[in-house]
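Structure, as structure tokens:
The values are calculated or read from the model by the stated rules, or taken from the named source; none is laboratory data. Bear in mind that the values here come from a model prediction, so they are computed numbers and not experimental data. A quick note on method: Cβ atoms are made from the backbone with ideal geometry, for glycine too, and the neighbour counts reach across all protein chains shown. Areas reflect the complete protein model, heavy atoms only, side chains present, ligands, DNA and RNA absent. Shrake-Rupley method; radii C 1.70, N 1.55, O 1.52, S 1.80 Å.
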Amino acid sequence: MSDNPDKNLDYEAEGGSVVDVHDAVRREKVLPPTGKEPISFGPLILTALVLILGAGYLGAYSNGFRDDIYVTKYYRPDPRPAGAGGDAAAEKLAWIDQWMKDGKKVYNNCVPCHGPAGAGQPGLFPPLKDSEWVNGGTTRLGAIMLKGISGPFTVNGVGYNNIMAPWDTLGDEKVAQVLTYIRREFGTLKEGEDGIVTTEMVKAAREQFKDRTTPWDEAGLRAIPEDSMLPGAKVDPQTGQPAQ
Amino acid sequence: MSLDLNQATPEDIRERAAIDRSVRYPVLFFFTSAAAWLFVATLLGFLSGLKLRVPTLWEDCPWLGYSRLFPVHMLALVYGWAMQAGLGVMIWLMARLTRNELKNPVTVIVAGHLWNAGVAVAVITVWAGLGRSMPWLDFPVWVAPLLFIGYLMVTLWLIPMFRARRAGEVYVSEMYLIGAALWFPWIFATANLLVGDEGAATMSTGINAWYMSNLIYFWFAPVALASAYYLVPKIAGRPIHSYPLAQVGFWALAVLAGWTGFQRYVGGPFPAWIPAVSGAASIFIIVAVVAAGANFWFTLRGRQKLWEYSPTLRFTLFGVLMFLAYAVLSGVSSFFSLSQVLQFSHFVVGLDTLAVYGFFSMAAFGAIYYIVPRITGCEWPSPTLIRGHFWFSTYGIGTVVLTMLVGGFAQAGQMNQWDQAFVRSVEVANGWIVGRIVAWLLIAAANLGFFYQLALMFIGRGRRSAGPTLIHAEPGSVGSAEEAVALAGAGGHH
């Protein structure tokens, strides 16, 4: 090995030593003692940020270190389907849940005026939440949806003077879904009522008001009896089929 | 006496050479057998990805099922490769730092065989279907003592070495090494005693997550940082910027690491404060990483160009950078809004891979590129292969992390929809799984060159001329990365 002059660059000039010193070991620098610079601004700021974040996290999620709280208040599980029967029920959505889901989608049309929670806008657009019209019979609601309203109009004793264009272009099913949605979501249902409006009922309304060409005024709507319901079979909320 | 304080005296050099010679065989043993395990792990990573993508493949063979391939891949990667390479780095570093020769190379080699036997038995038993289904702890509990004793037989020698250290201030690398040496037996024993058939099922899961996080912060991190704190100043030729900063980094890690882990099951069936404490610790611990990263940054300020030439520096710094990425991702993903979505998705696999390969393995490669020439007496043969090793590894780890992150979001989005069939989440993630297959192919390509070079070095067939192998320089043409930078700078001005 030692006859290869390149390999072992023996540093011992005095000779005598047979220490095999490879170049890598020779050229290596010494390890200098660590510098004593103080901690500078950048890392300090970063550290402070991390500490604030972590402390906030701990405050928000630790729930006072109580042993009996398992779910933090930040956890909001999706609601399980009504009448849940374990996973089998979860796999297939009950008819009414799907109907409401679709209704909520159609309701996006109404959000600009009536607001996501049906609160309306004071002086401009009336609320749907607990409005006498929503709480009342379905015939009036069908009439409003299909022909619109214009002019002075009172809702729960508050006057409005504006226009709502008719929604007859939506199609019967969608009108039925959105009416079901606003009644069940925003209305107060009477004893024994399920708030469901079916496609069949909307069809009947279309038939009933087909000759009308102008939007309603308040007097015209109030002429329809408050508790008048659109004709149509009641359905089973689980299946959507006519109930016996 | 040389005027340049950075230049070693003849006595220093003689001492160094003696130390390196004393650890030569154990360290080489660890590095080469680690590399062999890395090869196995890479192959298994590829196969398990393939199996996940095409589940109908090899349908009749339980040995090639994902539920065995993946755990075996992880065991080979974590214990076979990463920890074993780390043990080699620890021994060499401790000997160098404390200026002690290793007195018992034979015991350490025996211990190394024990460790390898442990890993082999772990791999075989899990592969045969005897696994515990606990990530990183899949092996049957009776395998644990093999690994445990093997480990102690190696690291126990570090303590007398440390006690016989040269006088003066304790260097931060020494603190990290002693920490790592002692923390692992604690977490490993705790996890093995509490996880599994005997423990309560729910707690087992939590402790399992605690163990994984602790292995990263209490072992991989200190070993990699010890190596970085030693190698960065050596290559930069200047001292580590700030001692206080280094202390902050060490103590933050020491105090916080043990609290991390449970945040993986935020919202799980534990009293809510447990994952909350873990989550907060995993956020606070970012301080430890920032401190180390900032210290290296300031140390190298004005000399960043060294990174282009020195393989050691390049791999080491990339590792530190990935450590930062890991710490930030794991801290951020413990927030409820994210964790609620991501916690059972591929994201988690991406994060684990980031820690073991992107961070630790890269840092270990850096150390290996530095150490092996010194203990074998020859230089790495090919700068091209080193460069390939770096870039293919980078692409590989980038692919895993990105696809698993995005795929994890896609998968989890579907998984959390209760009115959706579960199979949707599988279908949605399926495309992203390709990322895992490609990544392990890239990593395999990267490491082939590494294995080849390491084998040459092992049998003493490395390059025989003087001068280091640097990435962008004719082998042996310059004496150091610093010279290479100076030369390139001079060339640039003409």
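Specify the residue that is modelled with the highest pLDDT; the eligible residues are those in the stretch A:184-242 that are part of a strand (DSSP E or B) and within 23 Å of A:TYR107 (Cα to Cα). Out of the qualifying residues, it is A:TRP216.
Within the stretch B:82-104, one or more residues are surrounded by 21 or more Cβ atoms within 10 Å (Cβ to Cβ) and within 30 Å of B:GLY407 (Cα to Cα). Can you spot a residue in the stretch B:232-240 that is touching a residue at least 60 places away in the same chain (Cβ under 8 Å), open to solvent by 10 Å² or more (accessible area, probe 1.4 Å), touching a Gly at 6+ places or on another chain (Cβ under 9 Å) and within 14 Å of another protein chain (Cβ to nearest Cβ)? Among the residues of the stretch B:232-240, at least one is touching a residue at least 60 places away in the same chain (Cβ under 8 Å), open to solvent by 10 Å² or more (accessible area, probe 1.4 Å), touching a Gly at 6+ places or on another chain (Cβ under 9 Å) and within 14 Å of another protein chain (Cβ to nearest Cβ), which makes the answer yes. Taking every residue in the stretch A:27-52 that is facing chain B (nearest Cβ under 7 Å) and under 21 Å from B:GLU174 (Cβ atoms) and pairing it with any residue that is assigned to a helix (DSSP H, G or I) and small (Gly, Ala, Ser), at least 6 positions away or on another chain, the pairs with Cβ-Cβ distances below 7 Å are A:THR34/B:ALA246. For the stretch B:47-67, taking the residues that are open to solvent by less than 50 Å² (accessible area, probe 1.4 Å) and assigned to a helix (DSSP H, G or I), the one that is farthest from B:LEU441 (Cα to Cα) is identified as B:LEU64. Taken over the stretch B:105-136, residues that are in contact with a helix residue (DSSP H, G or I) (Cβ under 6 Å, 6 or more places away or on another chain), of a type in the set (A, V, I, L, M) and not in a helix (DSSP H, G or I) amount to 1. Taking the criterion of being of a type in the set (Ser, Thr, Tyr) and within 21 Å of A:TRP99 (Cα to Cα), the residues of the stretch A:126-177 that qualify are A:THR138, A:THR139, A:THR169. Total residues in the stretch B:159-211 satisfying the condition of being open to solvent by 20 Å² or more (accessible area, probe 1.4 Å), assigned to a loop (DSSP other than H, G, I, E, B), of a type outside the set (Lys, Arg) and more than 22 Å from B:ALA257 (Cα to Cα): the figure is 8. Number of residues in the stretch B:111-142 that are at pLDDT 95 or above and open to solvent by 20 Å² or more (accessible area, probe 1.4 Å): the value is 7.
Being touching a residue at least 12 places away in the same chain (Cβ under 8 Å) and under 16 Å from B:VAL195 (Cα atoms) is the filter; apply it to the stretch B:127-137 and report the residue that is nearest to the chain's Cα centre (by Cα). Top of the filtered list is B:TRP136. Would the stretch B:432-445 turn up any residue that is among the basic types (Lys, Arg) and either open to solvent by less than 70 Å² (accessible area, probe 1.4 Å) or in contact with a Phe, Trp or Tyr (Cβ under 7 Å, 6 or more places away or on another chain) (or both)? There is at least one residue in the stretch B:432-445 that is among the basic types (Lys, Arg) and either open to solvent by less than 70 Å² (accessible area, probe 1.4 Å) or in contact with a Phe, Trp or Tyr (Cβ under 7 Å, 6 or more places away or on another chain) (or both).
Out of the residues in the stretch B:297-310 meeting the condition of being in a helix (DSSP H, G or I) and not hydrophobic (A, V, I, L, M, F, W, C), tell me which one is most open to solvent (accessible area, probe 1.4 Å). Out of the qualifying residues, it is B:GLU308.
Residues in the stretch B:311-342 that are in a loop (DSSP other than H, G, I, E, B) and either modelled with pLDDT of 95 or more or surrounded by 22 or more Cβ atoms within 10 Å (Cβ to Cβ) (or both): B:SER333, B:SER334. Of all residues in the stretch B:241-269, those that are more than 8 Å from every other protein chain (Cβ to nearest Cβ), more than 20 Å from the chain's Cα centre (by Cα) and in contact (Cβ under 8 Å) with a residue 24 or more places away in the chain total 6. Of the residues making up the stretch B:9-31, those that are at pLDDT below 95 and either open to solvent by 30 Å² or more (accessible area, probe 1.4 Å) or within 11 Å of chain A (Cβ to nearest Cβ) (or both) number 15.
Return yes when B:GLY408 is away from chain A (no Cβ under 14 Å), touching a Phe, Trp or Tyr at 6+ places or on another chain (Cβ under 7 Å), of a type outside the set (Lys, Arg) and under 26 Å from B:PHE344 (Cα atoms) and no when it is not. Yes.
Kindly establish whether B:PHE450 is part of a helix (DSSP H, G or I), surrounded by fewer than 24 Cβ atoms within 10 Å (Cβ to Cβ), touching a residue at least 12 places away in the same chain (Cβ under 8 Å) and touching a helix residue (DSSP H, G or I) at 6+ places or on another chain (Cβ under 8 Å). Yes: the conditions hold for B:PHE450. Figure legend. Inter-residue proximity from the stretch A:151-168: first residues touching a residue at least 60 places away in the same chain (Cβ under 8 Å), second residues open to solvent by less than 60 Å² (accessible area, probe 1.4 Å) and among the aromatic types (Phe, Trp, Tyr), beta-carbon distance below 7 Å, spacing 6+ or different chains. Indicated pairs: A:PHE153/A:TYR160.
Of all the listed residues (B:GLY398, B:GLY366, B:GLY388, B:GLY413), the sole one being open to solvent by less than 10 Å² (accessible area, probe 1.4 Å) and part of a helix (DSSP H, G or I) is B:GLY366. Listed by position, the helices (runs of 4 or more DSSP H) enclosed by the stretch A:49-164 that each have at least 1 residues that are modelled with pLDDT of 90 or more, over 30 Å from B:ALA291 (Cβ atoms) and of a type in the set (S, T, N, Q) are A:132-135, A:138-147.
Hey, does the stretch B:474-483 have a residue that's among the small types (Gly, Ala, Ser), buried (at least 19 other Cβ atoms within 10 Å of the Cβ) and farther than 24 Å from B:GLN304 by Cα?
No.
Among the conditions (1) surrounded by 18 or more Cβ atoms within 10 Å (Cβ to Cβ); (2) in the same structural domain as A:ASP102 (by TED's automatic domain parsing), the only one that A:PRO152 does not satisfy is (1).
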